[in-house]
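K.L.:
The structure that follows is given in the form of structure tokens.
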Amino acid sequence: MRHLAKIAAVGAAVLLSSPALAWEPTKPVEIVVAAGAGGASDQMARMIQAAVQKNNLMKQPIVVSLKGAASGAEALIYMKSSDGDPNKVLIAYSLIYMLPLSAKIPFNWRDLSPVAVIAMDQFVLWDNAGKPYKNVKEFIDAAKAASTPFKMGGTGSKREDQVLTVFMEKKTGAKFVYLPYKSGGEAATQLVGNHIDSNVNNPSENLEIWRAGQARPLCVFDKERISYTAKVTETQSWHDIPTCKEEGLDVQYLMLRAMFLPGKVTPEQTAFYVDLFKKVSETPEYKDYMEKQALKPIFLTGKDMTKFLEEDDALNKSLMTEAGFVAK
Amino acid sequence: MEAFGLLLHGFTVLLTGKTLLLMMVGLVLGIFVGVLPGLGGPNGVAILLPLTFTMDPTSAIVMLSCIYWGALFGGAITSILFNIPGEAWSVATTFDGYPMAQQGRAAEALTAAFTSSFIGSLCAVLLITFLAPMISSFALRFGPPEFFAVYLLTFCSFVGLGREDKHKTIISMALGLLLTGIGMDTISGQLRMTFGSTDLLRGINFLVAVIGLFGISEILLTMEERLALRGHAAAISLRVILSVWKDLPKYWVTLIRSSFIGCWLGITPGGAIAASFMGYNLAKRFSKEPDSFGKGRIEGVFAPETAAHASGTAALLPMLALGIPGSGTAAILLGGLMVWGLNPGPLLFVEHKDFVWGLIASMYLGNVVGLVLVLSTVPIFASILRVPFAAIAPMIVVSCAIGAYAIQNAMFDIWLMLLFGVVGYVFKKISIPLAPFTLALVLGSRAEDAFRQSMIGSGGDLGVFWSNGLVGSITTLALVLLFWPVIDKACSRVGQMLRPAKA
């Protein structure tokens, strides 16, 4: 026992004398995913898990826990009730702004501790490759001329996909019927099966059906084209997809992918994770993943991140209000 | 015959000492995971997924899919011995499996379950091997109206073909449907019936309800009746296994019917659970002695198990070919594929032939090895029944509680499970069937979503359920099954009226 105590004392002294090693997790770290299995957040969590494990970035293992019930609200409530627990990290996306507004979930992201924004996700307007309209103008004209409104599929209700649909209607005057599905994967299959006319999936969700020649990207909802120029299909790269603005449809939306710790954790604990995700963002696994899923690289922490979140929150709030999705 | 050559190639990829060893390890882990109620396939695969990150994709998927097969086999064990279904699709196995165990025929029931699982999976694998490209295009024809029609068919077959009083079946189903409404509504994005509680936000988890309804209520009943779990006569030997196998050909119609239902519903995403119930109900309907079902008839084990495993296996096909997982476990396997850099989709069969055919070959091998493994361990599992009730009951309750907790790491679920235990006890006392209740809990919210999506798409026109041949025939079949008792009676009356007229 005395030996152990001595070792512990020495160990404590060493730890205290080197601030860089001030804190590290003593239990397995749980990555909380606010979506179902196989979705974009889950894939990202698995990538982080693999990158950390393969590159030995942390002594403790990472476990992925799926808390996708109630459209992800389960994960938010779970994080909120884990104040002071530094072994849980949430992979957040736009739901942290939208869900409290549309479903009155008692949650505010300011109650959590922001760690880092690690990527921005794109949205692309897709139609079925078998349809005759090959660009945005033809598509919108066909939608306007159709006797029954075109069906737009998307993930969830009163969320980013439906917001984009509402803004497409506002800018073009065309009418769409929005069908909410449980996941982007479902919206992709339904597009191939011709049960919907279009969707606004993230690149990763429609990648495979695009490569198989079943879906056609019409435009990307961003100010600039996607930067990746390597060929994805036989003839096209992500960079070849025009922006919606170029095509005369002035709608833009990007979605954050960010990491949060629960509230009331110490600055040392936050610092550990900032450092960890910085290292993750430098691994080949991360770079490979970003390119494959056509994500926009970004790395924000500290004040930059808070400023970004406040602006992004305000933007989402105004979009949701304008679309009429804020619950009274 | 290209498929055959590729399959042989797949076998050569597999037949190495290392892969076979991984297969055994996976199967044993899977059986353990399957035996613990609530832990089940999806959780087991999720927990063990990180182990495989450092392996090459083929070894990794072989090991994971063997955990999956193991869990499928294992799930039958608790259903039969303790009336606690480990997975949603094991529920129908309890109907006759548990009575058999109570009559001291546990070994027979277990052998029947394992054997029919094997037959079901084998049919589905054959289907995957030879018809993969055609079937994936069939699955694409399923839009919201088609999905709803399939769910409707399941519900209707329950009411129309069930042995219980119709009104009690409907009461039970309606209560189940009411409970599925709790939580977030996908279509409107609003919360329903949560009354401000954050615990109810998640909705009622199906497995929590099932563990309570079946497991806990069974313990309560047994306590009341001072019954021991009767397993004294469960003498196991090779003879029992052989005698079950000898009887097998007698049930070939049931086996083929269930395999067909399983394969068909398995490639329809989300249909795996419906398959086992439907397999059971149809076997009962077409049986010469439908009244003996539910009282320990071996056919009542064959039918749901064959269908469940055929569909569980066939569910991997839409996952590989389309990237839509057919079951919870398939969804986690899907996540695994992405980590290894394989993107499931139409091109997987073209770009990663080695992997796909390795996986298909592992389905054959895994099932054969799994069958041998579980059959050789039947005596061990059946001997659990010889432990005195007083000793085993607390262990069952504890493992139920752990299972209920593990699903979502929530203490609230344990209280919910106990509550459902009492509900199940009361239901059994006033003889309201539990099966329609659980079926409604599983499929209710999906059926609701599919119905409302169809209504949004058609602008509120019910004609959408007869808008093409596929959906029209499923919907019509559903209605026929719903009113089957009336139709049946009418037909025989018409028959009676015609006969004297002829004479």
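The values are calculated or read from the model by the stated rules, or taken from the named source; none is laboratory data. This one's a predicted model, so the numbers in the text were calculated from it and none came from an experiment. Neighbour counts run over all protein chains shown; Cβ positions are idealised from the backbone, glycine included.
K.L.:
Here are some residues: B:Leu227, B:Leu178. Which one is modelled with pLDDT of 80 or more and surrounded by fewer than 20 Cβ atoms within 10 Å (Cβ to Cβ)?
P.N.:
B:Leu178
K.L.:
Another question, then. Within the stretch A:130-158, take every residue that is surrounded by fewer than 16 Cβ atoms within 10 Å (Cβ to Cβ) and part of a loop (DSSP other than H, G, I, E, B) and give me the one that is farthest from the other protein chains (Cβ to nearest Cβ).
P.N.:
Selected residue: A:Asn135.
K.L.:
Does A:Glu169 satisfy the criteria of being more than 16 Å from the chain's Cα centre (by Cα), closer than 21 Å to B:Ser188 by Cβ and either more than 14 Å from every other protein chain (Cβ to nearest Cβ) or among the aromatic types (Phe, Trp, Tyr) (or both)?
P.N.:
On the way: more than 16 Å from the chain's Cα centre (by Cα): yes; closer than 21 Å to B:Ser188 by Cβ: yes; either more than 14 Å from every other protein chain (Cβ to nearest Cβ) or among the aromatic types (Phe, Trp, Tyr) (or both): yes.
Answer is yes for this residue.
K.L.:
Do we have B:Leu126 as hydrophobic (A, V, I, L, M, F, W, C) and more than 30 Å from B:Gly460 (Cα to Cα) here? First the steps, then the outcome.
P.N.:
Details: hydrophobic (A, V, I, L, M, F, W, C): yes; more than 30 Å from B:Gly460 (Cα to Cα): yes.
Yes, satisfied.
K.L.:
Of the residues in the stretch A:95-108, how many are more than 9 Å from chain B (Cβ to nearest Cβ), of a type outside the set (Phe, Trp, Tyr) and surrounded by fewer than 24 Cβ atoms within 10 Å (Cβ to Cβ)?
P.N.:
Of the residues in the stretch A:95-108, 3 are more than 9 Å from chain B (Cβ to nearest Cβ), of a type outside the set (Phe, Trp, Tyr) and surrounded by fewer than 24 Cβ atoms within 10 Å (Cβ to Cβ).
K.L.:
Hey, another quick one. Note down all Cβ pairs under 6 Å where the first residue falls in the stretch A:229-245 and is over 21 Å from A:Tyr289 (Cα atoms), the second is aliphatic (A, V, I, L, M), and they're at least six residues apart or on different chains.
P.N.:
A:Thr243/A:Val220; A:Cys244/A:Val251
K.L.:
Hey, does the stretch B:438-450 have a residue that's over 24 Å from B:Ala209 (Cα atoms) and within 14 Å of another protein chain (Cβ to nearest Cβ)?
P.N.:
Taking every residue of the stretch B:438-450 in turn, none turns out to be over 24 Å from B:Ala209 (Cα atoms) and within 14 Å of another protein chain (Cβ to nearest Cβ).
K.L.:
Looking at A:Ile209, is it β-branched (Val, Ile, Thr) and either within 17 Å of A:Asp161 (Cα to Cα) or more than 14 Å from chain B (Cβ to nearest Cβ) (or both)?
P.N.:
Judged against the criteria, A:Ile209 is not a match.
K.L.:
So, one more: Residue check: is B:Gly460 more than 14 Å from chain A (Cβ to nearest Cβ) and out of contact with any helix residue (DSSP H, G or I) (no Cβ under 8 Å at 6 or more places or on another chain)?
P.N.:
No: the conditions fail for B:Gly460.
K.L.:
Quick check on the stretch B:409-446: of everything there that is at pLDDT below 85 and buried (at least 23 other Cβ atoms within 10 Å of the Cβ), which residue is nearest to B:Ser172 (Cα to Cα)?
P.N.:
The residue in question is B:Pro436.
K.L.:
Right, another one. Just checking, which of B:Phe158, B:Phe138 is touching a residue at least 60 places away in the same chain (Cβ under 8 Å) and either under 30 Å from B:Gly10 (Cβ atoms) or within 14 Å of another protein chain (Cβ to nearest Cβ) (or both)?
P.N.:
Values: B:Phe158 fails: either under 30 Å from B:Gly10 (Cβ atoms) or within 14 Å of another protein chain (Cβ to nearest Cβ) (or both).
Unique residue meeting the criteria: B:Phe138.
K.L.:
Search the stretch B:188-222 for residues being more than 13 Å from chain A (Cβ to nearest Cβ) and polar (S, T, N, Q), and hand back the single one that is farthest from the chain's Cα centre (by Cα).
P.N.:
B:Thr222
K.L.:
So in the stretch A:174-192, with the set limited to residues that are modelled with pLDDT under 90 and part of a loop (DSSP other than H, G, I, E, B), which one is nearest to the other protein chains (Cβ to nearest Cβ)?
P.N.:
Among them, the one singled out is A:Lys182.
K.L.:
Any residue at all in the stretch A:154-165 that is in contact with an Asp or Glu (Cβ under 8 Å, 6 or more places away or on another chain) and modelled with pLDDT of 95 or more?
P.N.:
Checked against the condition, which is being in contact with an Asp or Glu (Cβ under 8 Å, 6 or more places away or on another chain) and modelled with pLDDT of 95 or more, the stretch A:154-165 yields no hits at all.
K.L.:
Here is a further query. Restricting to the stretch A:220-250, and then to whatever is out of contact with any strand residue (DSSP E or B) (no Cβ under 9 Å at 6 or more places or on another chain) and either part of a strand (DSSP E or B) or of a type outside the set (Ser, Thr, Tyr) (or both), can you tell me which residue is surrounded by the most Cβ atoms within 10 Å (Cβ to Cβ)?
P.N.:
A:Val232
K.L.:
Okay, next question. For the structure I just gave you, tell me whether B:Ala330 is of a type in the set (A, V, I, L, M) and at pLDDT 75 or above.
P.N.:
no
K.L.:
Next up: Report, by residue number, each residue of the stretch A:283-315 that is without any contact (Cβ under 8 Å) to a residue 40 or more places away in the chain and either under 30 Å from A:Lys231 (Cβ atoms) or hydroxyl-bearing (Ser, Thr, Tyr) (or both).
P.N.:
A:Pro284, A:Lys287, A:Asp288
K.L.:
Suppose we keep only residues that are closer than 25 Å to A:Pro203 by Cβ and of a type in the set (Gly, Ala, Ser) within the stretch A:276-328. Which one would you say is surrounded by the most Cβ atoms within 10 Å (Cβ to Cβ)?
P.N.:
Among them, the one singled out is A:Ala294.
K.L.:
Over 22 Å from the mean Cα position of the chain (by Cα) and outside the structural domain of A:Asp312 (by TED's automatic domain parsing): which single residue out of A:Lys231, A:Lys223 fits that description? Spell out how you get there, then give the answer.
P.N.:
Numbers: A:Lys223 fails: over 22 Å from the mean Cα position of the chain (by Cα).
Among A:Lys231, A:Lys223, only A:Lys231 is over 22 Å from the mean Cα position of the chain (by Cα) and outside the structural domain of A:Asp312 (by TED's automatic domain parsing).
K.L.:
Looking only at the stretch A:22-52, which residues are facing another protein chain (nearest Cβ under 10 Å), over 16 Å from A:Asn87 (Cβ atoms), in contact with a strand residue (DSSP E or B) (Cβ under 7 Å, 6 or more places away or on another chain) and not aliphatic (A, V, I, L, M)?
P.N.:
Hits for the stretch A:22-52 are A:Gly36, A:Asp42, A:Arg46.
K.L.:
Suppose we filter A:Asp83, A:Asp121, A:Asp127 for residues that are surrounded by fewer than 19 Cβ atoms within 10 Å (Cβ to Cβ) and either within 14 Å of chain B (Cβ to nearest Cβ) or in contact (Cβ under 8 Å) with a residue 12 or more places away in the chain (or both); which single one remains?
P.N.:
Going through A:Asp83, A:Asp121, A:Asp127 in turn, the sole match is A:Asp83.
K.L.:
Just give me the residues in the stretch A:46-68 being within 18 Å of the chain's Cα centre (by Cα) and without any contact (Cβ under 8 Å) to a residue 24 or more places away in the chain, in sequence order.
P.N.:
A:Arg46, A:Gln49
K.L.:
In this structure, is B:Ile432 over 17 Å from B:Val150 (Cβ atoms) and touching a helix residue (DSSP H, G or I) at 6+ places or on another chain (Cβ under 6 Å)?
P.N.:
Yes, satisfied.
K.L.:
Evaluate the following for B:Leu470: is it over 27 Å from B:Glu164 (Cβ atoms), surrounded by 15 or more Cβ atoms within 10 Å (Cβ to Cβ) and modelled with pLDDT under 90?
P.N.:
Considered against the rule, which asks whether it is over 27 Å from B:Glu164 (Cβ atoms), surrounded by 15 or more Cβ atoms within 10 Å (Cβ to Cβ) and modelled with pLDDT under 90, B:Leu470 comes out as yes.
K.L.:
Sticking with this structure for a sec: From the list B:Ser383, B:Ser376, which one is modelled with pLDDT of 80 or more, part of a helix (DSSP H, G or I) and more than 14 Å from chain A (Cβ to nearest Cβ)?
P.N.:
Going through B:Ser383, B:Ser376 in turn, the sole match is B:Ser376.
K.L.:
I would also like to ask the following. Of the residues B:Gly279, B:Gly294, B:Gly300, which single one is of a type outside the set (Asp, Glu), out of contact with any strand residue (DSSP E or B) (no Cβ under 7 Å at 6 or more places or on another chain) and part of a loop (DSSP other than H, G, I, E, B)?
P.N.:
Criteria check complete, one pass: B:Gly294.
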